[in-house]
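Written out below as structure tokens is the structure these notes cover.
The values are calculated or read from the model by the stated rules, or taken from the named source; none is laboratory data. Every value quoted in this text rests on a predicted model; they were computed, and no experiment measured them. Note that each Cβ is placed from the backbone with ideal geometry, even for glycine, and that neighbours are counted across all protein chains shown.
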Amino acid sequence: MFADRIKNLTASGIRKVFDLAAKMKNPVNFSIGQPDFDVPEEMKQAAIQAIQTGGNRYTVTQGLEELRIRIKAELQKSRQFNPESVLVTSGTSGGLLLLMLVLINPGDEVLLPDPYFVMYRHLLNLVGGIARYYNLYPNFQLNPLDIKKLITEKTKLIIINSPSNPTGAVFPEASLRQVAEIAREHNLLVLSDEIYDAFVYDSPHCSIATYYPNKTILLAGYSKSYGIPGWRMGYAAGPGDIIEKMTTLQQFSFVCAPAPAQYGCIKAFDIDMRPQMELYKQKRDLIYQGLVERGFQVTKPSGSFYIFPAAPGGDDQSFCEKAVEHEVLIIPGNTFSSSKTHFRISFAVANDVIVRGLDILAKVAKLM
């Protein structure tokens, strides 16, 4: 009785582990990607005020005008990117779904990284697109020539995710400029997923939208940088004709992003989150050094709040299952990759939890 389009759609490995965590008393939960800091009080109060004063109705589909103006101004300031249009979406994931449905026909080829964010592959399957992967192993940095070699007459879109989920890699300006030139040469669209743009620790964040503005669709949002994943607040910015089609489709799907959350996010632009980002840099250093000292092979992440070590014994599934037996929840790398050699840790947890988890993982490694 089910539609063909969901034949290859399987449950997320991340959500399976997340559900498992709910059944444990006190696990070390390195599985889910959500910040451990609270929502800024100004945003809370703005959302509460909206709820109490009638801001519970539909907004226009494209989102509150004041919010869209603030988004556009911030993109001009931070990326020198002046998008033709902005659409407020129900999370970055909502924007990703709209984009795939609007752009990808069955048989269209999309270039995406390996490792990749789990939704990319599954949403491509949903719309009948064909994934072609550019390899980021072993250090998780892209080689623009690898992208160029994959391009065929069926290629329509290149996906860039920097900072990355699951690896934490941040792509430098030189690489992004090269990809922009390749995309321009072949008249390709680019999707730049920048949801972790605030979590950059070692050098300024660069966006391919800065170097290829006319055909880049930028997806970002508030879930990670302001601790509001449950508010479902994201945005898409880019060419007017593409954003217009995404807006039309949103009318017949999500309708609009949650109204009180939109009012809350207007306040986000006046809040300095650098203290929280500095704490996350400390967490990055703590977990990276801890893994190295305990004998793990690992690349130091420059962004996001993920780290992607090699699995002891070379079998991600076996190592993750053994870790779960010791009440440490981690995600096998094959959830994000064709390879089965690594595992993902989300270090968006308290520092003492990081240390406790590292000690347990070291013990598990000795059992492999």
Checklist outcome for this item: Glu185 meets each of (1) farther than 24 Å from Pro301 by Cα; (2) assigned to a loop (DSSP other than H, G, I, E, B) with one exception, condition (2)
Checklist outcome for this item: If we keep only residues of segment 15-46 that are modelled with pLDDT of 85 or more and of a type in the set (Gly, Ala, Ser), then the residue surrounded by the most Cβ atoms within 10 Å (Cβ to Cβ) is Ser31
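Before we move on, is Phe269 in a strand (DSSP E or B) and either under 25 Å from Glu74 (Cβ atoms) or touching an Asp or Glu at 6+ places or on another chain (Cβ under 8 Å) (or both)?
Working: in a strand (DSSP E or B): no; either under 25 Å from Glu74 (Cβ atoms) or touching an Asp or Glu at 6+ places or on another chain (Cβ under 8 Å) (or both): yes.
No.
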Checklist entry - Does any residue of segment 318-330 turn out to be without any contact (Cβ under 8 Å) to a residue 40 or more places away in the chain, in contact with a Ser or Thr (Cβ under 8 Å, 6 or more places away or on another chain) and surrounded by 16 or more Cβ atoms within 10 Å (Cβ to Cβ)? => result no
Next on the checklist: Going by what's in this entry, would Gln317 be described as modelled with pLDDT of 95 or more, more than 25 Å from Phe37 (Cα to Cα) and not assigned by TED's automatic domain parsing to the domain that holds Ser162?
Outcome noted: no
Item to check | Hits in segment 70-90 (condition: closer than 17 Å to Glu173 by Cβ and either modelled with pLDDT under 95 or polar (S, T, N, Q) (or both)) | outcome: Ser78, Gln80
Item to check | Close pairs (8 angstrom Cβ cut-off, 6 or more residues apart or separate chains): of a type in the set (Asp, Glu) in segment 133-148, surrounded by fewer than 18 Cβ atoms within 10 Å (Cβ to Cβ) and not in a helix (DSSP H, G or I) anywhere | outcome: Asp146/Asn135
Item to check | Sole exception among (1) under 14 Å from Ser85 (Cα atoms); (2) surrounded by fewer than 21 Cβ atoms within 10 Å (Cβ to Cβ); (3) hydrophobic (A, V, I, L, M, F, W, C) for Val255, by number | outcome: (1)
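Just one of Leu64, Leu103 is within 17 Å of Thr216 (Cα to Cα), surrounded by fewer than 22 Cβ atoms within 10 Å (Cβ to Cβ) and touching a strand residue (DSSP E or B) at 6+ places or on another chain (Cβ under 9 Å); which is it? Lay out the reasoning, then the answer.
Numbers: Leu64 fails: within 17 Å of Thr216 (Cα to Cα).
Every option except Leu103 fails the conditions.
I'm trying to understand the selection: among the residues of segment 133-162, which are charged (D, E, K, R) and either in a helix (DSSP H, G or I) or within 24 Å of Ala3 (Cα to Cα) (or both)? Full working, then the answer.
To start, the set of residues in segment 133-162 that are charged (D, E, K, R) comprises 146, 148-149, 153-154, 156.
Passing the criteria: Asp146, Lys148, Lys149.
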Checklist entry - In segment 91-108, what count of residues is obtained for those that are in a helix (DSSP H, G or I) and more than 21 Å from Phe171 (Cα to Cα)? => result 11
Checklist entry - Are any of the residues in segment 147-158 under 19 Å from the mean Cα position of the chain (by Cα), surrounded by 18 or more Cβ atoms within 10 Å (Cβ to Cβ) and at pLDDT 95 or above? => result yes
Next on the checklist: Step by step: first the residues of segment 338-357, then only those that are out of contact with any strand residue (DSSP E or B) (no Cβ under 9 Å at 6 or more places or on another chain) and either of a type outside the set (Val, Ile, Thr) or over 17 Å from Val292 (Cβ atoms) (or both), then the one that is surrounded by the most Cβ atoms within 10 Å (Cβ to Cβ). Which residue is that?
Outcome noted: Asn351
Checklist entry - Going by the structure shown, is Leu111 assigned to a helix (DSSP H, G or I), crowded, with 23+ Cβ neighbours inside 10 Å and not aromatic (Phe, Trp, Tyr)? => result no
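Do you know which of the residues in segment 328-366 that are in a helix (DSSP H, G or I) and charged (D, E, K, R) is farthest from the chain's Cα centre (by Cα)? If you could, list the steps in order and put the result at the bottom.
Step one: filter segment 328-366 for residues in a helix (DSSP H, G or I), giving 333-335, 351-366.
This time we only want the ones that are charged (D, E, K, R), so: 352, 356, 359, 363, 366.
Values: Asp352: 25, Arg356: 26, Asp359: 28, Lys363: 31, Lys366: 32 Å.
Out of the qualifying residues, it is Lys366.
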